[in-house]
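So the structure is just underneath, and the comments pick up after that.
Derivation of every value follows stated rules applied to the coordinates shown; laboratory data play no part. Nothing here was measured: the structure is a model prediction, and the numbers come from that model. When we count neighbours, we look across all protein chains shown, and the Cβ atoms used for this are built from the backbone with ideal geometry, even at glycine.
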């Protein structure tokens, strides 16, 4: 029962975030949508920010469980971005809110989890330092976050310029 209630709260939050900006969602909205009391919400979460972190941490755990099974870096990347792609409107609402740092931490963590697992597997036996692998992946995570979240950069219309090296 407890897991069902917690999942209902998570699902309701995701649905609401697809409908409106993060800053326009209240605990009351989530409680009503998930058909629980506000006290029940607070039993599981201290606030909406804790709920957002939990939603993303749950996705990271799910991703981590399958991190070593990727056949290619492309499949690892697709797995890391699947939740984002499936919930694009939710991600855009969170991205445009004052609390986009929650989303940025999640996105970097998921991409790094998936890609690092794949790269480590492929690099076994090669003379490549862990710090170089992580630095390379950090750059890729930043660029892909901006693309998926719809962030626009200066430059030609609709085009995201490459970083200078």
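What translational D, rounded to a whole number of µm²/s, comes out for region 32-113 from Stokes-Einstein when the hydrodynamic radius is the Kirkwood one over Cα pairs, at 25 °C and 0.890 mPa s? Present the calculation step by step, with values, prior to reporting the outcome.
Details: Rh = 14.0 Å.
For the chosen part, D equals 175 µm²/s.
For the modelled label position 7 Å from the Cα of residue 121 along Cα-to-Cβ, which residues of region 44-66 have backbone nitrogen atoms closer than 16 Å? So the set is 62-66. In nanometres, what is the gap between the two model label sites at residue 14 and residue 82, each 7 Å from Cα along Cα-to-Cβ? For the pair residue 14/residue 82, the computed spacing is 1.2 nm.
For region 16-106, relative contact order (Cα pairs under 8 Å, six or more residues apart, normalised by length) works out to 49 percent.
Go through 98-110, 53-65 and give me the packing order, highest mean Cβ count within 10 Å leading.
Working: 98-110: 17.5, 53-65: 15.5.
By packing density, highest mean first, the sequence is 98-110, 53-65.
Applying 1/(1 + (r/R0)^6) with r as the Cβ-Cβ distance of residue 96 and residue 69 and R0 = 45 angstrom yields a FRET efficiency of 0.85.
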